[in-house]
1. Residue B:70 fails exactly one of the following numbered conditions: (1) within 14 Å of chain A (Cβ to nearest Cβ); (2) in a loop (DSSP other than H, G, I, E, B). What is the number of that condition?
2. In the range B:35-56, how many residues are on the phi < 0 side of the Ramachandran plot and outside any strand (DSSP E or B)?
3. Considering only residues that are part of a strand (DSSP E or B) and small (Gly, Ala, Ser), look in the range A:41-95 and name the one that is modelled with the highest pLDDT.
4. Quick check: is even one residue across the range A:69-82 surrounded by 21 or more Cβ atoms within 10 Å (Cβ to Cβ) and among the basic types (Lys, Arg)?
5. Residue B:40 fails exactly one of the following numbered conditions: (1) within 27 Å of residue A:108 (Cβ to Cβ); (2) surrounded by 12 or more Cβ atoms within 10 Å (Cβ to Cβ). What is the number of that condition?
6. Inside the range B:93-112, can you point out the residues that are aliphatic (A, V, I, L, M) and more than 8 Å from chain A (Cβ to nearest Cβ)?
7. With over 29 Å from residue A:56 (Cβ atoms), of a type outside the set (A, V, I, L, M, F, W, C) and without any contact (Cβ under 8 Å) to a residue 40 or more places away in the chain as the only criterion, which of B:79, B:83, B:96, B:72 stands out?
8. Which residue is farthest from residue A:25 (Cα to Cα), if the candidates are limited to the range A:55-94 and must be in contact (Cβ under 8 Å) with a residue 40 or more places away in the chain and within 9 Å of another protein chain (Cβ to nearest Cβ)?
Amino acid sequence: DAGITQSPRYKITETGRQVTLMCHQTWSHSYMFWYRQDLGHGLRLIYYSAAADITDKGEVPDGYVVSRSKTENFPLTLESATRSQTSVYFCASSEPGTFSGANVLTFGAGSRLTVL
Amino acid sequence: GDSVTQMEGPVTLSEEAFLTINCTYTATGYPSLFWYVQYPGEGLQLLLKATKADDKGSNKGFEATYRKETTSFHLEKGSVQVSDSAVYFCALSRFSGGYNKLIFGAGTRLAVHP
């Protein structure tokens, strides 16, 4: 089935540990995104990728690393997790942007991360 | 910079009540406007969108009109159902750096009771 799969759905870790959240899409979308969702902030963009091997920072990139060796995968790594990174993380994908800004993002179900 | 402000929740309604969730935006130019909905335990999904002034987006009984004069995109539904209970996000999008950059509001939680 076409869609976006995120794993794990739930993760508890400790401060200082490395954590990787996985994202896999079957839409063949060129663009992929990572957002974090926090109460009162809506969704904030962490990183995005325009194609394999092309990534760029979003609004809140500090403490995160991404890679995109294959078009369909876009993992997000917290190299040394902190409590402030406790959040729900959403992966999304879309076609390339248009001047009208009308492209729709398709979201995964989210990964809830708790850092103790 | 661009921003989206939407009414704080939670909004609690009885079934068949009229719903309005206010959304205003700040942006230069002519962004596209969206409402996304997040049902419990799921990711966001598009509810409706409008790409230019005076456009009306509609879906599943929900409507919103792009009002440039008041920089607003209020979400309305004439008769809500329990199944509409969810978090609703207003967002604007503009083309920037090769992709459509989305700016989200903080979200409004809607709870509908029988």
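The values are calculated or read from the model by the stated rules, or taken from the named source; none is laboratory data. Because the structure is a prediction, the values reported are computed rather than measured. Backbone-built Cβ (ideal geometry, glycine too); neighbour counts: all protein chains shown.
1. Condition (1) is where residue B:70 drops out.
2. So the answer is 8.
3. Ranking the candidates gives A:87 first.
4. Checking the range A:69-82: not a single residue is surrounded by 21 or more Cβ atoms within 10 Å (Cβ to Cβ) and among the basic types (Lys, Arg).
5. (2)
6. B:103, B:110, B:111, B:112, listed by residue number.
7. Residue meeting the stated conditions: B:83.
8. Ranking the candidates gives A:90 first.
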